[in-house]
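**Q** Please find one structure pasted underneath; my questions will follow.
The values are calculated or read from the model by the stated rules, or taken from the named source; none is laboratory data. What you see is a predicted model, and the numbers here were worked out from it, not measured in a lab. Cβ placement follows ideal geometry from the backbone for every residue including glycine, while neighbour counts extend to all protein chains displayed. Just so you know, the surface numbers come from the protein's heavy atoms only, side chains and all, with ligands and any DNA or RNA stripped out. Shrake-Rupley method; radii C 1.70, N 1.55, O 1.52, S 1.80 Å.
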Amino acid sequence: MRLVHSLWLSAILILIAGCASYPINPSIDQVNESKGYRFANLALGEKNTDELFVVVSLSGGGTRAMALDYGVLSYLDTLHIDNGRRTLLDEVDIISSSSAASIVNAYYGLYGKDAFLTRFRNDVLSKNMERALKRRVLNPLQWPRLWSGTFSRGDLAAEYFDKEIFDGHTFSDMQAARPMVIVNATDMGIGSQFPFVQGKFDALCSDLSRFSVARAVAASLAFTPGFTPITLKNYDKTLCGYTTPDWVQAALEAGVESNALVYAQARDFVSYEHTERRPYIHLLDSGIADNIGIRIPGLVFAVRDTPWSQADRLLDGTIRRLVVIIVDARPKRDFKGDLKPKPPGAATSVRVAATSPLANYSYETVDLVRKSMKNLAKDTESYDKKRAACTSHAANICAQRSNRNKCRREVTGSCFQAFRVTDADRPPNLDLYMVHVSFESVDDGSRRRRLQTIPTTLQLPKEDVDLLIESAPELVNQAPDFQRLMRDLAARVVH
């Protein structure tokens, strides 16, 4: 009898393993830029204006990052502008996220501001996700699926997120108005950031609207060895009428020296067209490519002639204030290996190599954004100075001429052409604000270290979560550009 039971059990386990497979991302019949989850397809929103354009990026860092993100977004909703008719959170246009912060981002995108502010703390921050995920992996009933070769720990995590947080929702269930939430992962085949937006899925001939939000989040935080990559199918481009976007062709023709960031994105886009070489795409933690999630939103202003570009709105004055808020929850820990003469082992070396450089790289990314914004301001200043010099030059030359007005127009026009400061060359005239929210800004050394050394696990004690949320307003207010923004908007705090 025991032998019979053993045989039946073995047969059932084999059957389970044979049937186990991750869900395949669905194909799309025809690329259609008027459909799908794209920035251009989102409504402006009742309390959102184009004049003030706000981009928020959320870094990775487990529940620690999620608690800080929640605290910052909640604080933005207490900052009332336009005589109290709306808050700064209402003005957010894009939220981009990395790693565990994608849980925050996806929740906001699915359920909206009010639900996020009132329910997220209980629905997510109070959960012991790390223990729940470990229990699933250690459950013997799950092992046949994990042994199947077509189902892995990443897929198991996606199932957990789907059941416990995202209720089976797909990207078709995202809010139809701004902000657009951009959940990012890393394409491990090319080491490039992979945003879950329909424009990217077009390159796969795949339909994001029917793709599970939970799987996107699982890909965003699929950091090995705890999680395994999430796999996407890359479909034949003849099936959906896909053609290389104009901006990709233009960037490749211009070359890497023209704009290295745009060129790199264009090169990565083209890699998906070679389906025979890349029939499957494997996605890992987004922190590998960009731990603070700001690089993809940067393309919104760096690339023209795309449905999601805002470059023309900068140039024509529609956007008058551009605000970039980077919520940076990166850790700072002492390396215990420095206390011993013995070289660290292989496991420790791999772990440190996979985490420490990401934290340092984040500094460079923040500095890159800051320099880009400063350069934009310098371009405007240089343009105005050259225009003024041309006008003064024309006035001096034409002072004694009988036809002074005609002379001035001709000389000024020639000067504008020579120095490339015509009306068509005008850089955007807008106010720029770079708000970097970081633990480094805390003056008190012991409190700063306390915040920095909170673990980046997917579970935290309530007192740590409370501390992070309560610290958010102070961290935001430490940024000089934030104080300038509040003065310019005549904002007031209303709890």
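**Q** Kindly report, to the nearest 10 Å², the accessible surface of M180 as traced by a 1.4 Å probe over protein heavy atoms only.
**A** Only protein atoms counted, so the area is about 10 Å².
**Q** Using a Förster distance of 25 Å, how high is the FRET efficiency between A254 and K385, based on the Cβ-Cβ distance and rounded to 0.05?
**A** Values: r = 28 Å, r/R0 = 1.10.
Once rounded, the FRET efficiency stands at 0.35.
**Q** Kindly report, to the nearest 10 Å², the accessible surface of T78 as traced by a 1.4 Å probe over protein heavy atoms only.
**A** 20 Å²
**Q** Provide the convex hull volume over Cα atoms per residue for segment 62-135, in Å³. Can you show the working numbers first?
**A** On the way: hull volume 6.2 nm³, N = 74.
Convex hull volume per residue, Cα atoms: 84 Å³.
**Q** Extension gain T118-T453, at 0.36 nm per residue separation less the Cα-Cα distance, in nm?
**A** Values: separation 335, 0.36 × 335 = 120.60 nm, distance 2.77 nm.
Length gained, T118 through T453: 117.8 nm.
**Q** Another question about this same structure. Give the carbon-plus-sulfur fraction of the accessible surface of segment 413-470 in %, rounded to a whole number; probe 1.4 Å, heavy atoms of protein chains only.
**A** Numbers: 1410 of 3090 Å².
The C+S portion of the solvent-accessible surface of segment 413-470 is 46 percent.
**Q** State the answer as a single residue: which of I182, S192, F161 lies farthest towards the positive end of the charge dipole of segment 157-251, with beta carbon charges of +1 for Lys and Arg and -1 for Asp and Glu, about the Cα centre.
**A** S192
**Q** To continue, here is another question. If I take the Cα coordinates of segment 155-258 and project them onto the principal axes, what are the three extents in Å, biggest first?
**A** Principal-axis extents of the Cα atoms in segment 155-258, largest first: 47, 34, 29 Å.
**Q** Please work out the Kirkwood hydrodynamic radius for segment 367-495, using every pair of different C-alpha atoms, and report it in angstroms with one decimal place.
**A** Values: mean 1/r = 0.0515 Å⁻¹.
For segment 367-495, inverting the mean 1/r across all distinct Cα pairs yields 19.4 Å.
**Q** Of all the accessible heavy-atom surface of segment 44-103, with the other protein chains kept in place and a 1.4 Å probe, what percent is carbon and sulfur? It would help to have the intermediate numbers written out before the result.
**A** Working: 500 of 1240 Å².
Roughly 40 percent, rounded to a whole number.
**Q** Follow-up question, since we're still on this one. Quick check: pseudo-label points 7 Å beyond the Cα along Cα→Cβ at S441 and K462, how many nm apart are they?
**A** With each label placed 7 Å out from Cα toward Cβ, I get 2.9 nm.
**Q** If you don't mind, another one. Go ahead and collect, in residue order, the members of segment 156-193 whose backbone nitrogen is under 17 Å from a label point 7 Å along the Cα-Cβ direction of L138.
**A** Taking a point 7 Å out along Cα→Cβ of L138, the residues of segment 156-193 whose backbone N falls under 17 Å are 157.
**Q** Segment 194-233: percent of C-alpha pairs farther apart than 10 Å? Walk me through the numbers before you get to the answer.
**A** Values: 555 of 780 pairs.
Cα-Cα pairs in segment 194-233 separated by more than 10 Å: 71 percent.
**Q** Let me ask something else about it. Which value results when the Cα radius of gyration for segment 132-192 is divided by 2.2 N^0.38 Å?
**A** Numbers: Rg = 15.2 Å, N = 61, 2.2 N^0.38 = 10.5 Å.
Rounded to two decimals, the normalised Rg is 1.44.
**Q** Between D82 and I397, with labels modelled 7 Å along Cα→Cβ, what's the label distance in nm to one decimal, could you check?
**A** If labels sit at D82 and I397, their model points lie 4.7 nm apart.
**Q** Rounded to whole Å and ordered largest first, report the semi-axes of the equivalent ellipsoid of segment 90-237 derived from its Cα gyration tensor (root of 5λ). Let's see the in-between values first.
**A** Working: eigenvalues 117, 89, 32 Å².
Ellipsoid half-lengths, sorted descending, are 24, 21, 13 Å.
**Q** Continuing with the same structure: Leaving ligands, DNA and RNA out of it, report the carbon-plus-sulfur percent of the accessible area of segment 145-185 at a 1.4 Å probe. Please report the intermediate quantities before stating the final value.
**A** Numbers: 710 of 1570 Å².
Its accessible area is 45 percent carbon and sulfur atoms.
**Q** Give me the accessible area per residue for segment 117-272, probe 1.4 Å, as a whole number in Å².
**A** On the way: 6470 Å² over 156 residues.
That works out to 41 Å² per residue.
**Q** Next question, about the same structure. In debye to the nearest 20, how big a dipole does segment 410-495 give about its Cα centre with +1 on each Lys and Arg Cβ and -1 on each Asp and Glu Cβ?
**A** Working: 10 positive and 14 negative charges, 27 e Å.
The calculation lands at about 140 debye.
**Q** Let me ask another. Between R420 and Q30, what's the calculated FRET efficiency when r is the beta-carbon distance and R0 is 45 Å? Round to 0.05. Don't skip to the answer; put the middle values down first.
**A** Working: r = 42 Å, r/R0 = 0.93.
The computed FRET efficiency comes out at 0.60.
**Q** When we measure straight from the Cα of K233, which aspartates and glutamates land under 19 angstrom away, once same-chain ones fewer than 8 places off are left out?
**A** Answer for K233, where 19 Å is the Cα cut-off: D29, D155, E159, D187, D202, D207, D268, E273, E276, D285, listed by chain and number.
**Q** Residue separation times 0.36 nm, minus the C-alpha to C-alpha distance between N41 and T150: what's the value?
**A** Details: separation 109, 0.36 × 109 = 39.24 nm, distance 3.50 nm.
Roughly 35.7 nm would be gained on extension.
**Q** Give me the accessible area per residue for segment 61-106, probe 1.4 Å, as a whole number in Å².
**A** On the way: 670 Å² over 46 residues.
Per-residue value: 15 Å².
**Q** Using a simple spin-label model with points 7 Å from Cα along the Cα→Cβ vector, what separation in nm is obtained for V493 and E470?
**A** For V493 paired with E470, the spin-label model returns 1.4 nm.
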